[in-house]
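The values are calculated or read from the model by the stated rules, or taken from the named source; none is laboratory data. What you see is a predicted model, and the numbers here were worked out from it, not measured in a lab. Counting neighbours? That spans all protein chains shown, and the Cβs are built from the backbone with ideal geometry, glycine included. Calculation scope for accessible area: heavy atoms of the full protein, side chains included, ligands and nucleic acids excluded. Shrake-Rupley method; radii C 1.70, N 1.55, O 1.52, S 1.80 Å.
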There are 4 protein chains.
Amino acid sequence: MSSVFEAWRDRFERLRANKLFETAVIAIIIISALLIGAKTYEETNRFQQWLLVLDVAVTVFFLVEILIRMAAERRLRDFFRRGWNIFDFLIVTASLIPLDDSEMVLLARLLRIFRVLRLVSMIPELRLLMAALVKSIPRMGYVALLMFIIFYIYAAIGSFLFADIDEFLWGNISIAMLTLFRIATFEDWTDVMYATQEVYAWSWIYYLTFIFLTAFIFLNMMIGIVLDVMQKESVQMEIESGEGEAAELHGLRSDVRELRDQLTRMEALLERRS
Amino acid sequence: MSSVFEAWRDRFERLRANKLFETAVIAIIIISALLIGAKTYEETNRFQQWLLVLDVAVTVFFLVEILIRMAAERRLRDFFRRGWNIFDFLIVTASLIPLDDSEMVLLARLLRIFRVLRLVSMIPELRLLMAALVKSIPRMGYVALLMFIIFYIYAAIGSFLFADIDEFLWGNISIAMLTLFRIATFEDWTDVMYATQEVYAWSWIYYLTFIFLTAFIFLNMMIGIVLDVMQKESVQMEIESGEGEAAELHGLRSDVRELRDQLTRMEALLERRS
Amino acid sequence: MSSVFEAWRDRFERLRANKLFETAVIAIIIISALLIGAKTYEETNRFQQWLLVLDVAVTVFFLVEILIRMAAERRLRDFFRRGWNIFDFLIVTASLIPLDDSEMVLLARLLRIFRVLRLVSMIPELRLLMAALVKSIPRMGYVALLMFIIFYIYAAIGSFLFADIDEFLWGNISIAMLTLFRIATFEDWTDVMYATQEVYAWSWIYYLTFIFLTAFIFLNMMIGIVLDVMQKESVQMEIESGEGEAAELHGLRSDVRELRDQLTRMEALLERRS
Amino acid sequence: MSSVFEAWRDRFERLRANKLFETAVIAIIIISALLIGAKTYEETNRFQQWLLVLDVAVTVFFLVEILIRMAAERRLRDFFRRGWNIFDFLIVTASLIPLDDSEMVLLARLLRIFRVLRLVSMIPELRLLMAALVKSIPRMGYVALLMFIIFYIYAAIGSFLFADIDEFLWGNISIAMLTLFRIATFEDWTDVMYATQEVYAWSWIYYLTFIFLTAFIFLNMMIGIVLDVMQKESVQMEIESGEGEAAELHGLRSDVRELRDQLTRMEALLERRS
């Protein structure tokens, strides 16, 4: 029994490593994504029957594909160790939820949209890109915290002062924070300002200081990240090549010192004889 | 008496350095900030009683916390030497202002919002970030001055020419500067332009030159700051590692010169004997 | 026969390399572009006759110019090997389509607008610039793909949820992607959000996460390209100068080793004699 | 006669180099600028008398100041050699135009606004900043030309296709270019697009390709300038310090070769004797 299963597993493993198989999977993912997109068009109702068949085919394909991948692993635990595998598993499981005309339809559909994210787990260049993005998250964490503090303070001030002027924009602190985000994106911020200026003529100070602060911190964040990444690059380059040069110099110096010792011995020899 | 006070001071100092104590203070600051934020919601009126108690507790806590820190210093003067301490002291003092239903309520509330800034003085990473921000202020000073001059000239021209077209936007030089800031953020700037173009058809020159000038200077400012920071980094790296290489080379050369002197002596010895 | 043709070809080749000839061609291109631009003014109808003559002159000139360049090549195949030549050929051919009052008029006109792009093929600095732009396209490819995936997922979610609220903005997935592009450019995005917030109060999460994701990826893309270009520059500089230094060091070390061998031989000589 | 004039010139030269004198001039410039700004307020009519006196005082002061500077030069030609001097001269001359209630009033006022630019010629840090800005203009020239070609082509296409839809936005090629600049700044660009989409549904392609092209070129321009400035910095640093290291290495190698020659001579000597 076990040897039969192992033969199957090897076959699956070879299939999984197959370039053609991977290309087919990527094609299916794209078709699946287009299918979901197509459902948003009214006219597609005519193709309903045809779409339903394709939809079931895609769901079955993904189920088989993930089962192959699970079987290809030595132990099931290894499969769940990689983040992308868990992600793929969740998507396939979600696809299996039956599509009744209930509230679940929307949820099931939304979950199936995320299938397109599997392109990222398939294409190596996109994986690298995602890894780089994830790496820069901690660097941005504290800047985001600082930004949040500034937003919070301005939102508190804004909601205290301007709540009576415009309940919709400054009603409470969370609405005020949304309004401030809008101001930070320069989206009709003058309309907001002109409304409050009618009551508090000096309120332009509030808006201008906020815009300068957020722009200033954003600018510094950007420069900080550029420099951070660059420093890491240069350190890595030094380890690869620069250290080599320093080591070369060091070796050269000890060579020269050996020469001196040798000469000193020879000089002593010559002097003794004379 | 003095030894008793010193024992207390040591106890306070140890408390202040305690990780748990600091975490508690940070938690209190966040709760305090949330409290202020909560006051902006209408529904919170129900919890009025409960909020009042928490508010007093926070105020008392901050008072005790700052007194501990003051007592922990050898001399009171040392406490006021650090900017953050002065800042904390001002905030706590402001919190003690009694909350009557007068105009002062608003001011007291606003002052207590700034409590959340104490997070910056508590979290070391935020302190570093703030220090970096403060350091880049002088670099931006002269660019800001240049920008102000350009804004002033354009505002003067704008208010002379367009004041009769739209009193609200170009009424006087300070209103015109605010309008120009709006144009610099691209906020409905075409509406402003189209209005003046009806009288002065050529006025698009005014707007386009202004946009190009401000964008151009902003771009140069950004690049200037990046390069300024980078140059400082590279100078520091040279001091740390590069200088070492140059010194190594220098030492090597003097070693080689010593060798030559030694050889010259030996050659003379040999020639004398022959 | 052949020698007569070759004499003509040499004459054409010399003409083509002539600075004056090139300047004249550039001038004609600019005039041709201005001519096309002038056609968009109503008042130019008065100069119709004059414009028609100039237009024919320009068309004839370009035809002769390209025939000269074709004749100047040893083989016709060589002419079509360079991309710019093909481009120029297509433009000239398109110019020869007769201008009747049919639908083709518009197409012919549009094709002749692209004549102004020949400035790029004429001015060497613009060619360099274009080459640099073309080189940075592959670097941007995968980022664009990642961006497209994010747009697609958000568009699918958006069209499922918000299609009933605003058919014009969220009707189907392609309309939703256009709306998302509008949001990414901050163009009246709050109007879009406020409309959906009336039904789904939490929909601000949808907009804010989208804005953060696209801004975050755009930021990383920009920094990535800067670093990519910089790394290539530094590698090139190492090849030009840095490698020289490393080679110098390497040569120095082998020189020093030769010295040691020589000294060892001398020492043996001395010891043998003593 | 001549010696008396020379004594005066020396006195003027010393006055001009005086820190106090310069500070006074800067103060006068700022007051003069504020004066011009103050004229834009309606209320200032009350101070009319007082303002007129100050205005005359400022005009006289600038006249005297420039005459001192002219007299301080050995030859009048030297004065007009520096750009800033010509600039100052023009401003002072313009200030002398009598202020009647004619059309010239506006021109005279505008010219006097530019007085504030003299701050730039006074403060050395601003002079450096301006020099840096002027230096980066040629780098931007060809990018601007490329940008202009793209704008021109799109404007021609736009005015051909969309002129009938909206005469105000696409009437002729220059109006279309202004509209395209508006689109490049993302200012209500969707309104423009939605209007044309009603006739040409595919016109979103026109807008999106335009936005991508301009954003792409702008991005490359920015990176190009950063790298250009950086390369110049690193070349300068190599000349100052790096070349030193390479020269050191070169010198070291020739030292080692001299050692070898010396050793070869010694070896020959030893061998001859044995």
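Brief remarks follow.
- Test: B:TYR154 is facing chain D (nearest Cβ under 10 Å), more than 16 Å from D:LEU34 (Cα to Cα) and aromatic (Phe, Trp, Tyr): no
- Screening D:GLU187 on (1) surrounded by fewer than 18 Cβ atoms within 10 Å (Cβ to Cβ); (2) under 25 Å from C:LEU219 (Cα atoms); (3) at the interface with chain C (Cβ under 10 Å from one of its Cβ atoms); (4) modelled with pLDDT under 90 shows it passes everything except condition (1).
- Test: residue in segment B:247-255 that is at pLDDT below 75 and outside any helix (DSSP H, G or I): no
- From D:SER102, D:SER95, residue being surrounded by 16 or more Cβ atoms within 10 Å (Cβ to Cβ), at pLDDT below 75 and polar (S, T, N, Q): D:SER95
- The sole residue among C:MET130, C:MET147 that is more than 9 Å from every other protein chain (Cβ to nearest Cβ) and open to solvent by 30 Å² or more (accessible area, probe 1.4 Å) is C:MET147.
- Filter pass, C:ASP55 being modelled with pLDDT under 70, on the phi < 0 side of the Ramachandran plot and in a helix (DSSP H, G or I): yes
- Restricting attention to segment C:258-270, the residues that are open to solvent by 80 Å² or more (accessible area, probe 1.4 Å) and facing chain A (nearest Cβ under 7 Å) add up to 0.
- Against the numbered list (1) modelled with pLDDT of 85 or more; (2) within 32 Å of the chain's Cα centre (by Cα); (3) open to solvent by less than 40 Å² (accessible area, probe 1.4 Å), C:SER174 comes up short only at (3).
- Only listed residue being aliphatic (A, V, I, L, M), modelled with pLDDT of 80 or more and either in contact with a His (Cβ under 7 Å, 6 or more places away or on another chain) or in a helix (DSSP H, G or I) (or both), chosen from C:LEU180, C:LEU269, C:LEU227: C:LEU180
- A:ASP164 being among the acidic types (Asp, Glu) and surrounded by 14 or more Cβ atoms within 10 Å (Cβ to Cβ): no
- Selection of segment B:157-175 for residues being out of contact with any Gly (no Cβ under 7 Å at 6 or more places or on another chain) and more than 7 Å from every other protein chain (Cβ to nearest Cβ) yields B:GLY158, B:LEU161, B:PHE162, B:ASP164, B:ILE165, B:ASP166, B:GLU167, B:PHE168, B:LEU169, B:GLY171, B:SER174, B:ILE175.
- The set of residues in segment B:198-220 being within 9 Å of chain D (Cβ to nearest Cβ) and at pLDDT below 90 consists of B:PHE216, B:ILE217, B:LEU219, B:ASN220.
- Considering C:VAL64, C:VAL60, the condition of being assigned to a helix (DSSP H, G or I), at pLDDT 75 or above and under 18 Å from C:PHE114 (Cα atoms) is satisfied by C:VAL60 alone.
- Residue list for segment B:135-156, restricted to those being hydrophobic (A, V, I, L, M, F, W, C) and under 18 Å from B:TRP170 (Cβ atoms): B:ILE150, B:PHE151, B:ILE153, B:ALA155, B:ALA156
- A count restricted to segment D:112-163 and to residues that are assigned to a helix (DSSP H, G or I) and under 19 Å from the mean Cα position of the chain (by Cα) stands at 31.
- Count of residues meeting criterion [under 22 Å from C:MET130 (Cβ atoms) and in a helix (DSSP H, G or I)] in segment C:69-84: 5
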